[in-house]
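Undergrad: Below are the structure tokens for one structure; questions will follow.
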Ligand code: PLP
């Protein structure tokens, strides 16, 4: 069959029934750190697992295929993936990054800039004038994060790529929030796609990992060589688990985003909520762009609670189906308070500039029943602790008995 496979089939079938030794349907995990040489100066395809490993290679080639890249490098965390792209820069280079990017990315860029390893400009990429002024400085790299974490701002990848290319700037897109199931930045001209595979790609909150996919083969080779030099390549078992999670990426995300849309509508109509940030809402400023650039609106959203920090504390402590925790993209629903959790590291002033207030709450919507999630939010918004306890008890009863 020569027809190009559907991405859903690529995700499910990666490495299936390829084992020549025993005919194992599911590809085995290769834990060996080292591989025998066939003879003097005759290494096999693999010699040492930091450099290359069959389990990691399989995950890398699958991610490259899903994102439409020439190659991918799988590393030990999303931050290691961001840092791997930064390794292409030198002290005379400038990087343009979103003013409201993930707090860890903001911290990494700021700390490396403070050490004079390159210069950074944090820019609101929806501000055409500010972006044009930044590009006049001919940056080496422009980093995009869309939808942004945690404000769900959407920027036009294709238009930014066109402007960046005219300035000779390479573009990297952090695609963690949507995954290739919902957005494929390389089709819009991006040079690199970055993932925290910890999130949707693995999807089960049991592996921390990252990946960089490069559109250009030479870039992919440079990144792979540098990942080997620094020793940041991911462990084989983590790759095996991530590939197992990746097989269900499409159905997970499809279901999760249906529930997220329902939750966004529910919150939008609730009097205790001052604003909802979800690109699937017609009122979201990036709704039209997200409709054309993405193939779905995703399962992340954030909202402002009326009532300030006190209301936030009551709200997060009243929830019982949503868990108060960092991270996102897993099968379980999580709630986070960016100002004191995920975006604490970027500092109060940078949060103010980005528009991340102390009243902002972020939700990662999982695979639980929509009704339980909405009941949980309702109870917490009403600050009704007794009701919250009931939901918890109900969710623990056998579903067949209900
Ligand atoms: N990029 C984005 C958009 C993220 O949300 C995160 C983590 O939340 C990262 C990168 C970093 O990933 P990791 O925690 O796997 O290092």
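Undergrad: Answer yes or no: is there a residue in the range 57-80 that is more than 23 Å from residue 215 (Cβ to Cβ), touching a residue at least 60 places away in the same chain (Cβ under 8 Å), part of a helix (DSSP H, G or I) and away from the ligand (no atom under 16 Å from the Cβ).
TA: no
Undergrad: Another question, if that's okay. Mind listing whichever residues of the range 78-87 are touching a helix residue (DSSP H, G or I) at 6+ places or on another chain (Cβ under 9 Å) and surrounded by 19 or more Cβ atoms within 10 Å (Cβ to Cβ)?
TA: 78, 79, 80, 82, 83, 84, 85, 86
Undergrad: Kindly establish whether residue 182 is modelled with pLDDT of 95 or more, away from the ligand (no atom under 11 Å from the Cβ) and more than 20 Å from residue 70 (Cβ to Cβ).
TA: Criteria met by residue 182.
Undergrad: Further question: Out of the residues in the range 81-117 meeting the condition of being closer than 21 Å to residue 229 by Cα and within 10 Å of the ligand (Cβ to nearest atom), tell me which one is farthest from the chain's Cα centre (by Cα).
TA: 108
Undergrad: Of everything in the range 147-201, what is without any contact (Cβ under 8 Å) to a residue 40 or more places away in the chain and part of a loop (DSSP other than H, G, I, E, B)? Give them in sequence order.
TA: 167, 168, 189, 191
Undergrad: Still on this structure, please answer the following. Quick one: what pairs do we get from the range 9-22, first residue assigned by TED's automatic domain parsing to the domain that holds residue 55 and in a helix (DSSP H, G or I), second modelled with pLDDT under 95 and surrounded by 10 or more Cβ atoms within 10 Å (Cβ to Cβ), C-beta under 9 Å, 6+ apart or different chains?
TA: 13/5
Undergrad: Look at residue 344 and say whether it is assigned by TED's automatic domain parsing to the domain that holds residue 279 and within 14 Å of the ligand (Cβ to nearest atom).
TA: Taking the combined requirement at face value, the residue satisfies it.
Undergrad: Select from the range 203-229 the residues that are assigned to a helix (DSSP H, G or I) and touching a helix residue (DSSP H, G or I) at 6+ places or on another chain (Cβ under 8 Å) and write down the one among them that is nearest to residue 80 (Cα to Cα).
TA: 227
Undergrad: Could you say which residue among 328, 324, 319 is crowded, with 19+ Cβ neighbours inside 10 Å, over 26 Å from residue 154 (Cβ atoms) and in contact with a strand residue (DSSP E or B) (Cβ under 8 Å, 6 or more places away or on another chain)?
TA: On the way: 328 fails: over 26 Å from residue 154 (Cβ atoms); 324 fails: crowded, with 19+ Cβ neighbours inside 10 Å.
None of the others qualify; the one that does is 319.
The values are calculated or read from the model by the stated rules, or taken from the named source; none is laboratory data. These numbers come from a predicted model, not from an experiment. When we count neighbours, we look across all protein chains shown, and the Cβ atoms used for this are built from the backbone with ideal geometry, even at glycine.
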